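Let me give you the structure first, and then I'll get to my questions.
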Amino acid sequence: MESHNILNDLRATVKELGNVYEEISLLYKLSERFSTLNVKEICENLVDEAVATVGVKTASVLFFNEGLRTLYTRACKGDWEKDRVIDGEVEIISNALEYGKPVAFCNLGAVEHENCLSGLGSVLLCPLLGKGKTIGLMVLADKSSEEEFYSNDIKLLMVITRQAAMAIENAFLYEEIEDLLLGTIKSFVKALETTTQWTAGHTERVTMYTQHIAAEMGLDGKQTERLKICSLLHDIGKIAIPRDILNKKGKLEEDEWIEIRNHPLVGAKILSGLKAFDDILDGIRYHHEHWDGTRGLFGLKGDDIPLMSRILAVADAFDAMTSDRPYRPRKNRNETLKEILELSGKQFDPSVVEAFYRWFNRQHQAFLP
Ligand SMILES: [Fe+2]
Ligand SMILES: [Fe+2]
């Protein structure tokens, strides 16, 4: 009898250890993963993780709008509309937010009469608790196994949401600072562009093109963000070129060409003292290198040229060719695209040209090779 009890105790302890181990490994996995993502990606990951860990058919992440007292959907899966908004004053919702604790319902229809979560059966609500306040709410509904929610489901979901909420708060802070930085850079670049007759809007357009290429090539949020800053600053080296050279209508002298040609190097030098720009310096320095290693300022070739520079090269060339210059008129967009396709594998990275072509074609549908 005694040995039977010991065995039972041992089994219970092993089971409990298994649960704790599951929690700890989840914690490690998530804290590492979330730290590199932006808010949107964290929310999408949170939904995926909750669906996989707890095994539910429906999951959604809602953010709380304090002013309107409503919750709006940021990410979802299953039986949930992407633009669903929930009234934060409904009792079961306001309770979950106020007490900051998860709450489970076996059959929501029996307790919820205000239809804010209509269409769902068994439901688990878990607040997203930041450091000082509740950011929002996670809703899980209907386990694939058709079972009710157990205490272990609730525990695991708390681990996941706690990690996600902290990561979301950090990402918000990061995005706020980044917005401030981007705003400052944009006004700085605008001021620079107004001193020449023909660069107005060049930087903004190049940035727009690089962002589309990045999306087409599947770059992650962080890479895309760095590329955006790199694009906004790519011609910053032109600040050192005398205005009369930049605005010259006639043919440029050899030494004037050299001044212009050196702007990637000068740009990288200007920013090299600032730690925040460390990871975009190479992108700027090499943005006029040619894929086949010819004619670049440094003679870099192929993959030795940073991806940021290779993307910039295509975007930059497209905008330069489709804009008027003091010494030549602009070309039309289809003609320019054709020329860029011809230079694929020579001046430009073929995979970047391909991505740009895909995006361009979807936008314009006008040019077919
Ligand atoms: Fe440039
Ligand atoms: Fe440029």
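The values are calculated or read from the model by the stated rules, or taken from the named source; none is laboratory data. Keep in mind that this is a model prediction, so the values were computed, not measured. Cβ coordinates were reconstructed from backbone atoms using ideal geometry, including for glycine residues, and neighbour counts include every protein chain displayed.
Can you give me the number of residues within the stretch 128-174 that are assigned to a helix (DSSP H, G or I) and among the small types (Gly, Ala, Ser)?
Going residue by residue through the stretch 128-174, those that are assigned to a helix (DSSP H, G or I) are 151-174.
Imposing the further condition that a residue be among the small types (Gly, Ala, Ser) reduces the set to 151, 164-165, 167, 171.
Result for the stretch 128-174: 5.
Being surrounded by fewer than 17 Cβ atoms within 10 Å (Cβ to Cβ), at pLDDT 90 or above and assigned by TED's automatic domain parsing to the domain that holds Glu32 is the requirement here; does Ser145 meet it?
Numbers: surrounded by fewer than 17 Cβ atoms within 10 Å (Cβ to Cβ): yes; at pLDDT 90 or above: yes; assigned by TED's automatic domain parsing to the domain that holds Glu32: yes.
It is true that Ser145 is surrounded by fewer than 17 Cβ atoms within 10 Å (Cβ to Cβ), at pLDDT 90 or above and assigned by TED's automatic domain parsing to the domain that holds Glu32.
Yes/no matrix, rows are residues, columns are (1) within 23 Å of Leu26 (Cα to Cα); (2) over 26 Å from the mean Cα position of the chain (by Cα); (3) of a type in the set (Val, Ile, Thr):
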position	(1), (2), (3)
Val54	yes, yes, yes
Ser60	yes, no, no
Leu71	no, no, no
Lys82	no, no, no
Asp87	no, yes, no
Tyr99	no, yes, no
Leu120	no, yes, no
Glu148	yes, yes, no
Met158	yes, no, no
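Taking interchain pairs and intrachain pairs at least six residues apart, which have beta carbon atoms under 6 angstrom, with the first residue in the stretch 233-245 and within 12 Å of ligand 1 (Cβ to nearest atom) and the second of a type in the set (Gly, Ala, Ser)?
Close Cβ pairs satisfying both conditions: Ile236/Gly267; Gly237/Gly267.
Let me confirm something: among Leu46, Leu62, Leu108, which residue is surrounded by 19 or more Cβ atoms within 10 Å (Cβ to Cβ), modelled with pLDDT under 80, in the same structural domain as Leu156 (by TED's automatic domain parsing) and not polar (S, T, N, Q)? First the steps, then the outcome.
Working: Leu46 fails: modelled with pLDDT under 80; Leu62 fails: modelled with pLDDT under 80.
It is Leu108.
Could you list all residues from the stretch 324-368 that are among the acidic types (Asp, Glu) and without any contact (Cβ under 8 Å) to a residue 40 or more places away in the chain?
Going residue by residue through the stretch 324-368, those that are among the acidic types (Asp, Glu) are 324, 335, 339, 342, 349, 354.
Passing the criteria: Glu335, Glu339, Glu342, Glu354.
Then there's this: Could you grab me the full set of residues in the stretch 218-227 that are of a type outside the set (S, T, N, Q), surrounded by fewer than 19 Cβ atoms within 10 Å (Cβ to Cβ) and assigned to a helix (DSSP H, G or I)?
To start, the set of residues in the stretch 218-227 that are of a type outside the set (S, T, N, Q) comprises 218-222, 225-227.
Now narrow it down to the ones that are surrounded by fewer than 19 Cβ atoms within 10 Å (Cβ to Cβ): 218, 220-222, 225-226.
Of everything in the stretch 218-227, those that are of a type outside the set (S, T, N, Q), surrounded by fewer than 19 Cβ atoms within 10 Å (Cβ to Cβ) and assigned to a helix (DSSP H, G or I) turn out to be Gly221, Lys222, Glu225, Arg226.
Report the residue count in the stretch 171-201 for those that are more than 16 Å from the chain's Cα centre (by Cα) and buried (at least 19 other Cβ atoms within 10 Å of the Cβ). Working first, answer last.
Initial filter on the stretch 171-201 (more than 16 Å from the chain's Cα centre (by Cα)): 180-181, 183-201.
Filter again for buried (at least 19 other Cβ atoms within 10 Å of the Cβ), leaving 189, 199.
Counting residues in the stretch 171-201 that are more than 16 Å from the chain's Cα centre (by Cα) and buried (at least 19 other Cβ atoms within 10 Å of the Cβ) gives 2.
Does at least one position in the stretch 306-324 carry a residue that is under 28 Å from the mean Cα position of the chain (by Cα), under 18 Å from Arg226 (Cβ atoms) and surrounded by fewer than 21 Cβ atoms within 10 Å (Cβ to Cβ)?
Of the stretch 306-324, the ones under 28 Å from the mean Cα position of the chain (by Cα) are 306-320.
From what is left, the residues that are under 18 Å from Arg226 (Cβ atoms) are 306-316.
With the extra rule that they be surrounded by fewer than 21 Cβ atoms within 10 Å (Cβ to Cβ), the set shrinks to 307.
For the stretch 306-324, residues under 28 Å from the mean Cα position of the chain (by Cα), under 18 Å from Arg226 (Cβ atoms) and surrounded by fewer than 21 Cβ atoms within 10 Å (Cβ to Cβ): present.
Given (1) surrounded by 19 or more Cβ atoms within 10 Å (Cβ to Cβ); (2) of a type outside the set (Ser, Thr, Tyr); (3) within 16 Å of the chain's Cα centre (by Cα), where does Ile236 come up short, assuming only one miss?
With (1) surrounded by 19 or more Cβ atoms within 10 Å (Cβ to Cβ); (2) of a type outside the set (Ser, Thr, Tyr); (3) within 16 Å of the chain's Cα centre (by Cα) applied to Ile236, the lone miss is (3).
How many of the residues in the stretch 185-202 are modelled with pLDDT of 80 or more, of a type in the set (Ser, Thr, Tyr) and either within 15 Å of ligand 2 (Cβ to nearest atom) or closer than 15 Å to Asp319 by Cα (or both)?
0
For residues that are among the hydroxyl-bearing types (Ser, Thr, Tyr) and touching a residue at least 12 places away in the same chain (Cβ under 8 Å), scanning just the stretch 181-224, find the one that is nearest to Ser351 (Cα to Cα).
Here is the first cut: in the stretch 181-224, the residues among the hydroxyl-bearing types (Ser, Thr, Tyr) are 184, 187, 194-196, 199, 203, 207, 209-210, 224.
Those left that are additionally touching a residue at least 12 places away in the same chain (Cβ under 8 Å): 195-196, 199, 203, 207, 209-210, 224.
Working: Thr195: 35, Thr196: 33, Thr199: 27, Thr203: 23, Thr207: 18, Tyr209: 15, Thr210: 13, Thr224: 16 Å.
Only one residue fits best here, namely Thr210.
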